[in-house]
Structures are given as C-alpha cells and as structure tokens.
Amino acid sequence: MIEEKPESVKAILAKIYTNSLTESDMADYGLLKTMATYKTHGMYKTYGMVDNDSLITVSIVYYNQHGDDWHRGRAYYYRGAIRMSKLGNIPDAVKDFKVAEVISEADDDEELKNLVYGMMYFVNASFNNHPQTLKYAHKWLNSNIELNDSMKILQSLLECATAYVSMGQTDSACFYIEKTLSPQMLSLASEERGTVNVMKGRNGVMTSYSHLLPDIYAQAAKIYQEHGDDEKAMAYLTKWKETSHYIGYLPEARIWKAKGQYEKAIELVKDELINCDRKTRMQCMELLSELYELTGNQEQALEAKKYLKAYDDSMKYINQVMQMAEWQQRFDEVRQTKDFYRRTSWMQVLIIALIVVVVFAIGVGMWLHRRKVRRLSFRLDEDARRINELRTNIEQLEKSGTENGQEMARLKEELESRMERISGTLLVGTQMYSQLQLRQCIAEATAKELQCLVDYFAQLRPKRWQEWEHKYCGLSTAQYVFLIMQDDLHYDDEAIAAALAVKRTSVRSMRSRIKGREK
C-alpha cells in the first residue's frame, strides 16, 4: 500500500499502539511511518511532516545491528530526505545519502540506487557543485536505462546536458541536448504533455512532467547560445515561447548583447529578474554588470557587482559546509575501516602463529628425516667396511693355504649375511614399515619379512630398541612387531587386530604375554 496509497498507510499506522511493539516491529514502524510521510508530502511540502528524525534514527540503530541491507539502505535514504526537506540539515542529509549509496551499490539494489542518485543530483545541483552534479547525472541516467523508465531517461539526458553547460563544456552539452531533442524522445515528452500532467515518481513524490518539453527547448536555447550558434538558439527560443509562459529572456538578452543591442538586452534581463530562481538571478546580475559597463553606467555596474560578491560569499560558505560533510563522511569511513581491522587483528595473529607452527613442523620433520637417512647411511657404510675386511681376510687365508676350514666358513657366512642385509633386509623392512604406517594388513607377511621389519626398526629407532631390550627378555619377532604398532605407531586394539587379521581378544592375549616377559 505504501507505493500506491501512502495516505492510507499513515491512517493505519496512526492506530498502532507503539508501546506494545517489539524492538524489531518498532524499527519497521519507524521506517514505514517516515516513508509514508515523505511520499505523502514530498520534497517541497513540509507542513505535516515529522518534526525530527529520532523515529527513523531508532530504526537505523536496529537495522545496523540486526537488519538486512534492503531495510538499512532505505532507512538511511529516508532519514536523509527528512533531514534535507524538513529540517534543512544538508550536511547530515548528504552523509545519510552516501551511506545509502554504498549499501545500494554493494547490494546491487537498482531501485534504491535510482532514488539516491536522483537525490544526490538534486542536492549538488542546488549548491552548484558542478563535478558532483555531473557525476550523479550520469549515474541517474544509467540507472534509469537499467530500469527502462523512458520519461526519466529523457529527464536525465536533459540533466546531463545542463550539468555539462554549467561546467562550460558546451561540446558535451550539445551532444546530450541533441540526444534529448531526438524525435523519439521529443515524442515521449509531447505525448505525456498532452495526456498526463502529473505522475508518481519512484520515490513516491508527485512529479509533474508538464514542464519537461519547455525545459528541453529552454536548455537547448541556452546551450546553443553559449556554444555560439545564435541561429539555433533563436529557433529554440521561439519553440520555448510556443510551449510555455515564456520567461527565457536571459538567453535572448545574451543574443542581443552579442549583436550590440545593449539597451534591449538590459530590458530583457530586467524582465527575467521579475520571476527567477537564485541561480538565474545571479546570472542576470552578472550580465547586467557587463551591460552597464558597456553602456557606461558605472554606478549600476558597481551595484550589480556588490550583489554578485554577496552571493559569492554565501556560496563559499555553502561549499565549506558541503566540504565538511564530505570530510566527515571520509573520516567515518576511515574510522570504520580501522575498527574492522582492530576487530580482526586477533585473526591475523592466529594465522601468523599457525604459519610459524607449520613452518616449524616442516623444519622438524625435515631434520628427523635427515637424521634417519644419516643413521641408515652410517649403518650401510659400517656393513660395507666390514664386508671389505671379510673379503681381505678370506683372500689372505686362501693365499697362505692355511687349513682352517671352520674359520673360512664362518667368515664367508658373516660376509653373506651382511651383504644380504645390505641388499634386502633394509629394503624389505622399509616396505613393511611403510605398510604399517598406511594401516595396511600384514597378516600374509612371511617370517623373514617380519624379521626384516624388526631389523629395520632397530636401525630406525635405536633408542627405543635399547629400551625394549632392557625392559623385556626373549621376545619373539611377532611380539616385537606388536610393540612397533602399539608403542611407535600408537595403534589402538582395533587397528592392531585389523593389521594382523586377528580378533581383539588375541590382541589382549598378546599384550599379556609381552607383559609377562618384563624383567
């Protein structure tokens, strides 16, 4: 109902007993009441509007903590609208509009963006902030194109042209006014002028488009006159006279000034001064001062310049207020950013600590790996050295012819044993240990493979092996394999049973027998 019948919404809200509302309901109530009030009275009618912004501020406080972006963005927008239209608080209104703009763009809320861009264009145009006026004219044009609103596209094209001419960029102004003057766009304005005088805009304000066609001709006349094309300017002045109660004396006065008809130009400027806005009045006084100087009337020229200086001083004050509002907005954004980084600093510390731990763990792992490699390498070097000694002793015995068959057999047996261990034992043991690390079943392993596993472990973990030799007496190969899984790999009973393919009761029995072997 708030879009179609805001008066009815106000009547419904008036019946609500606010003391019984929850915090969430009160926030919605404040937003709805502010929206209905603004949509009913619009930007220019302040009678009957809310006296302050406390109600919508309560809504904003709640939405900042618990609300979604749709409610939060509109709460900021309508508080800004109330502050500007009713309270005349332009700086705070601009801050609210900027927050609403950030929310709408982050959430890609096209409807809210359209409202904010239109309002920001109006604010900046009112205070002659030309760069920002142009910026928001373009943003509003793009938003209207996105929403496919033909009449607003026409109006925003006209506003882009107006913004460019205000900045003295007449080439760009001509480009946009020509787009506005295209037959398709003019047919929209002509059709609307003939059928509908008033329509409801997206912000709920009753907006008249009946002035749009005269405004197009008026801006075209001003733009072409400033661009130096007096012929086109006079043509559109004529069309302007035909479509409205003609008050376009200023552009016509400029044309007569260019032709040297100063007295006629002065009369036209005086006619313009009877009924014009503040901005046009300043343009008239500037032109009058030039015309009086050209005619030699220095007293009147000086009076016009004094009026212009007073206006310039007032605009400087207004610009300072606008700059202060923009500065405060930037300050708040910086403060919010700092607060965000302060709140997340503990996460950064945690991440750094985690990185340090990971790097340390990797370093320790690499050190342990190198230690294992060095240990195995030492064992292999020792075996290789002993093999060379055995070969030398055997060769000496064979050359001397010494009849010592028993010693020869022993040396050869030790030689074969060490070579076998070098070539196969450590390799098989490594493979068996890797299988256990991967929790694979070793039930099919042979007795020799299990012995290789035990020999490999004795070289891999010499300190633990020595502890077992001191603690236990006469353990079998299978019992050593059990200790490897239990004490080194930290298998539970279920994992040991799976690796050996036995029942858990057998695991408990094995543990009891090993305990019985303690010294």
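Please list 20-27, 112-119 highest first by mean number of surrounding beta-carbon atoms within 10 Å per residue.
On the way: 20-27: 13.5, 112-119: 24.9.
So the peptides 20-27, 112-119, ranked by packing, come out 112-119, 20-27.
Can you tell me the length gained on complete extension of the stretch residue 231 to residue 135, counting 0.36 nm per residue apart and subtracting the Cα distance?
Working: separation 96, 0.36 × 96 = 34.56 nm, distance 3.08 nm.
Extending this stretch completely gives an extra 31.5 nm.
What does the extension gain come out to for residue 187 and residue 128, with contour length at 0.36 nm per residue minus their alpha carbon separation? Intermediate results must be reported in sequence, preceding the final value.
On the way: separation 59, 0.36 × 59 = 21.24 nm, distance 3.08 nm.
Contour length minus the Cα-Cα distance gives 18.2 nm.
Nearest 0.05, what FRET efficiency do residue 346 and residue 178 give at R0 = 56 Å with Cβ-Cβ as r? Don't jump to the answer; show the numbers that get you there.
On the way: r = 59 Å, r/R0 = 1.06.
The calculated FRET efficiency here is 0.40.
With a 1.4 Å probe and all protein chains in place, put 110, 444 in order of accessible area, largest first. Present the calculation step by step, with values, prior to reporting the outcome.
On the way: 110 40, 444 165 Å².
So the residues, ranked largest to smallest area, are 444, 110.
Given a Förster distance of 30 angstrom, what is the FRET efficiency for residue 310 paired with residue 169, based on the Cβ-Cβ distance and rounded to 0.05?
Working: r = 28 Å, r/R0 = 0.93.
For residue 310 and residue 169, the calculated efficiency is 0.60.
Given the pairs 463/515; 135/259; 239/270; 5/95, which span a C-alpha to C-alpha distance of over 25 angstrom in this model?
On the way: 463/515 20 Å; 135/259 36 Å; 239/270 22 Å; 5/95 29 Å.
Violating the 25 Å Cα-Cα cut-off are 135/259; 5/95.
Provide the packing ranking of 177-186, 10-19, 501-510, i.e. peptides ordered by the mean count of other C-beta atoms within 10 Å per residue, highest first.
Working: 177-186: 16.2, 10-19: 11.0, 501-510: 13.9.
So the peptides 177-186, 10-19, 501-510, ranked by packing, come out 177-186, 501-510, 10-19.
Run the numbers for residue 517 and residue 65: contour at 0.36 nm per residue of separation, minus the present Cα-Cα distance, in nm.
Details: separation 452, 0.36 × 452 = 162.72 nm, distance 6.85 nm.
Separation in residues times 0.36 nm, less the Cα-Cα distance, equals 155.9 nm.
Calculate the FRET efficiency for residue 106 and residue 264 from the Cβ-Cβ distance with a Förster distance of 56 Å, rounded to the nearest 0.05.
Numbers: r = 56 Å, r/R0 = 1.00.
Efficiency computed from Cβ-Cβ geometry: 0.50.
The values are calculated or read from the model by the stated rules, or taken from the named source; none is laboratory data. Note that the structure is predicted; figures quoted are calculated from it, not measured. All Cβ positions, glycine included, derive from the backbone under ideal geometry; neighbour counts span all protein chains shown. Accessible surface is based on the protein model in full, side chains and every heavy atom, while ligands, DNA and RNA are left aside. Shrake-Rupley method; radii C 1.70, N 1.55, O 1.52, S 1.80 Å.
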